[in-house]
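Note sheet for the following structure.
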Amino acid sequence: MKVNVNAVNFNIDGKLVDFIQIRMDKLEKYYDKVVVADVFLKVESTSEKENKIVEIKIHVPGDDFMVKKQCKTFEEAVDSSTEALERLLLKRKEKIRTHI
């Protein structure tokens, strides 16, 4: 799966990109037809501690899934986003399996 990581208004370090790539690769275990994943990282300028936003858009043949999470760290947001995507992909796989 091809993963595009985009940081909005800041520079991203290599460790975070590697972490995102590893987490996204695990999604293929649940649904192997994922084509591309677009990951957008944003920092919201508020006084709250939970100002890191991660948006993940996954392109699957015939459909797109998008998850948006806001947490204290990017790692935490990526983890919760990928968990939500796992549930979505499993639901999609089950839906396709019942229609065949």
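Which value in deg cm²/dmol, rounded to the nearest 500, describes the helix-derived mean residue ellipticity at 222 nm for the chain, given -39,500 (n - 2.57) per DSSP H run of n ≥ 4 and division by the residue count?
Working: 2 runs with 38 residues, N = 100.
Result for the chain, helices only: -13000 deg cm²/dmol.
Please state, rounded to one decimal and in Å, the Kirkwood hydrodynamic radius that the range 45-95 gives when every pair of distinct Cα atoms enters the mean of 1/r. Could the numbers behind the result be given before it?
Working: mean 1/r = 0.0846 Å⁻¹.
Roughly 11.8 Å, rounded to one decimal.
By how many degrees, 0 to 90 and rounded to 10, does the Cα axis of helix 74-99 deviate from the longest principal axis of the chain?
Helix 74-99 sits roughly 10 degrees off the main axis of the chain.
Run the reach check for LYS33 against lysines, Cα to Cα strictly under 21 Å, same-chain hits fewer than 8 apart removed. What comes back?
List returned: LYS2, LYS57, LYS91, LYS93, LYS95.
May I ask for the angle, rounded to the nearest 10°, between helix 14-25 and the longest principal axis of the chain, with both axes built from Cα atoms and the value confined to 0 to 90°?
20 degrees
Run the 1.4 Å probe and let me know the accessible area of ARG92, rounded to the nearest 10 Å².
50 Å²
Counting DSSP beta bridges with both partners in the chain, what percentage is antiparallel, nearest 5?
Numbers: 17 of 24 bridges.
Expressed as a percentage, antiparallel bridges in the chain total about 70.
Read phi for every residue in the range 31-44 and hand back ³J(HN,Hα) as whole Hz from Karplus 6.51 cos²θ - 1.76 cosθ + 1.60, θ = phi - 60°, with x for Gly and Pro.
8, 8, 9, 6, 8, 9, 10, 9, 10, 10, 10, 9, 10, 8
Quick one: Debye curve from the alpha-carbon atoms of the chain only, equal weights, vacuum; give me log10 I(q)/I(0) at q = 0.23, 0.25 Å⁻¹ to two decimals.
-1.20, -1.38
Could you work out how much longer the chain between VAL36 and GLU75 gets when fully extended? Use 0.36 nm per residue separation minus the Cα distance between them, nm to one decimal.
12.0 nm
Under a 5 Å amide H to amide H cut-off, with H placed in plane at 1.01 Å, what residues pair with VAL5 once short-range neighbours are removed?
So VAL5 has HN proximity to VAL39.
The values are calculated or read from the model by the stated rules, or taken from the named source; none is laboratory data. Please read all numbers here as calculations on a predicted model, not as lab measurements. Just the protein is used for accessible areas: all its heavy atoms, side chains included, with ligands, DNA and RNA removed. Shrake-Rupley method; radii C 1.70, N 1.55, O 1.52, S 1.80 Å.
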